[in-house]
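See structure below.
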Number of protein chains: 2
Amino acid sequence: MNTNPQPVVSAGLLVIGDEILSGRTPDRNINTIARFCTELGIDLSQVRVVADDVDEVVEAVNALRTRYTHVFTTGGIGPTHDDITAQCMATAFGVELVENPEAIAMMEHRFGDSRALTAARRRMARIPAGATLIPNIVSAAPGFKIGNVYVMAGVPKIMQAMLENIAPTLEGGRRLFSRTIEVGVGESAIAGALKKIQDEYDDVKIGSYPRMGEKPVFTEVVLRGADELRLDEAAQKVHRAVNKAHAEHGVNLG
Amino acid sequence: MNTNPQPVVSAGLLVIGDEILSGRTPDRNINTIARFCTELGIDLSQVRVVADDVDEVVEAVNALRTRYTHVFTTGGIGPTHDDITAQCMATAFGVELVENPEAIAMMEHRFGDSRALTAARRRMARIPAGATLIPNIVSAAPGFKIGNVYVMAGVPKIMQAMLENIAPTLEGGRRLFSRTIEVGVGESAIAGALKKIQDEYDDVKIGSYPRMGEKPVFTEVVLRGADELRLDEAAQKVHRAVNKAHAEHGVNLG
């Protein structure tokens, strides 16, 4: 045979959280990640939802990571006692869970003062040894990548921002490009313009990720698409809209 | 120890469908079944979403059914080539897939004429040997129970009607009662009254399940709750509202 088929890039998704299994919180990440994979030409092959239980999480992540190219996890990386995902990943990979200086620095930078790093927040800097961090524009506490496993937050907006972050480096069946634009005004000041640009460029995905509950206002706009020319055109228009909004509302960017 | 703890009744859920994994269709059943289990005192312990692939489905259902008290599945019981759930269950349980006379009768009764039973529809009457049927008020083609596995439709409204059907017989940590009321007018004619009764009885769940796309109009109203007295009170009010609507709009019940 002369055909040279593209190797299948597959993925598993592990959703971690009692609140999903009890029905208290409807999952909003499965569909987002499913569409994300399809766009990138990644075959999402299986999803599992498990409880906040070390044995369950370790068993599931080991089953998925040995079987698929990539594994995504959502949930369980917050500051409370039931956030056990980092510990589970350390156990699954047989490594130590250690306070990560880079994660501490990210949170200090964000909270502006090391005193704001409470014990609960420090807990979110405990990362399996050898993992690389996934920055979190929305609320500072990072996700991480260990082996072929991408560990992300459960809050949909934070999870989406982390996905955008890993998209450019992720092996997929299809190459996607992205552009990030920093915005120093509130989302509402650019929402109308973004909508218009999105309507005009339906082959470009435009996402907006505001930093959560803090001043000064800061938002990242991320554009993603397969055609770099179209992407740059759309990004140019977003830039113009943002500059206009900055001029009107005053810029908050340092 | 003198304590006599309630045995844990557990469940696994298997969502079957390429369309969920590709992101084309957002799942709407996980949360419904999660809340249903919580109400009944059943511990939903794991959810898996797998593709329309015999090996994947068989592996997942075998993993779940040996581990949990109950297993629910959704999806893959329609009339098309990619509806393989019945075949998968036959394979998983090592039994034959046979045309079920009771299922044929249900569909004939509904379609009114055996000629309306096209080959595609007959396909939906192929049920693993030894399974018992789960009636489908909405679109006639039944689900089924084999061993501890409840096989249901993927369409949320049909799935919910099937859940209501199995609820009274399902072993749970908590006993729930139900009342079913047949309605021979369209839902809109009783929607206002149902809303008022639901608001008054927040400890009773009131569901409404119209038969799909056929005349005469027919709806089942199902009430569910732990307190039989309150349930009967609410059911009495629904009866009165239905009788009033029948008198106003003309009854379609045979």
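The values are calculated or read from the model by the stated rules, or taken from the named source; none is laboratory data. Quick caveat: nothing in here was measured; it's all calculated off a predicted structure. Backbone-built Cβ (ideal geometry, glycine too); neighbour counts: all protein chains shown. Just the protein is used for accessible areas: all its heavy atoms, side chains included, with ligands, DNA and RNA removed. Shrake-Rupley method; radii C 1.70, N 1.55, O 1.52, S 1.80 Å.
Points to keep in mind about this one:
- Looking only at residues in the range A:21-31 that are touching a Gly at 6+ places or on another chain (Cβ under 8 Å) and more than 7 Å from chain B (Cβ to nearest Cβ), the one that is least open to solvent (accessible area, probe 1.4 Å) is A:29.
- Cβ separations smaller than 8 Å between residues 6+ apart or across chains give the following pairs from the range B:118-129 residues that are part of a helix (DSSP H, G or I) to residues that are open to solvent by 80 Å² or more (accessible area, probe 1.4 Å): B:122/B:99.
- Any pair with Cβ under 7 angstrom, 6 or more apart, that starts in the range B:27-38 at a residue that is in the same structural domain as residue B:70 (by TED's automatic domain parsing) and ends at one that is of a type in the set (Phe, Trp, Tyr): B:33/B:72
- Filter pass, residue B:63 being more than 20 Å from the chain's Cα centre (by Cα) and part of a helix (DSSP H, G or I): yes
- Of the residues screened, residue A:95 is one that is open to solvent by 40 Å² or more (accessible area, probe 1.4 Å), assigned to a loop (DSSP other than H, G, I, E, B) and in contact with a strand residue (DSSP E or B) (Cβ under 7 Å, 6 or more places away or on another chain).
For every residue, the table says whether it meets (1) within 18 Å of the chain's Cα centre (by Cα); (2) over 23 Å from residue A:69 (Cβ atoms); (3) open to solvent by 50 Å² or more (accessible area, probe 1.4 Å).
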residue: A:102; (1), (2), (3): yes, yes, yes
residue: A:122; (1), (2), (3): no, yes, yes
residue: A:131; (1), (2), (3): yes, no, no
residue: A:139; (1), (2), (3): yes, yes, no
residue: A:151; (1), (2), (3): yes, no, no
residue: A:164; (1), (2), (3): yes, no, no
residue: A:179; (1), (2), (3): yes, yes, yes
residue: A:184; (1), (2), (3): no, yes, no
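- Here A:167, A:140 are screened, and the one residue that is closer than 16 Å to residue A:32 by Cβ and either not aromatic (Phe, Trp, Tyr) or not in a loop (DSSP other than H, G, I, E, B) (or both) is A:167.
- Candidates in the range A:32-55 are the residues that are assigned to a helix (DSSP H, G or I) and within 7 Å of chain B (Cβ to nearest Cβ); of these, the one that is modelled with the lowest pLDDT is A:38.
- Exclusive hit being part of a strand (DSSP E or B) and surrounded by 14 or more Cβ atoms within 10 Å (Cβ to Cβ), set A:242, A:251, A:217, A:222: A:222
- Selected residue (criterion: nearest to the chain's Cα centre (by Cα)) from residues of the range B:32-60 that are among the polar types (S, T, N, Q), farther than 23 Å from residue B:140 by Cβ and open to solvent by 10 Å² or more (accessible area, probe 1.4 Å): B:38
- Verdict on residue B:111 being over 24 Å from residue B:31 (Cα atoms) and either open to solvent by less than 10 Å² (accessible area, probe 1.4 Å) or of a type outside the set (S, T, N, Q) (or both): yes
- If you check B:81, B:109 for being farther than 22 Å from residue B:149 by Cα and not in a helix (DSSP H, G or I), only one passes: B:81.
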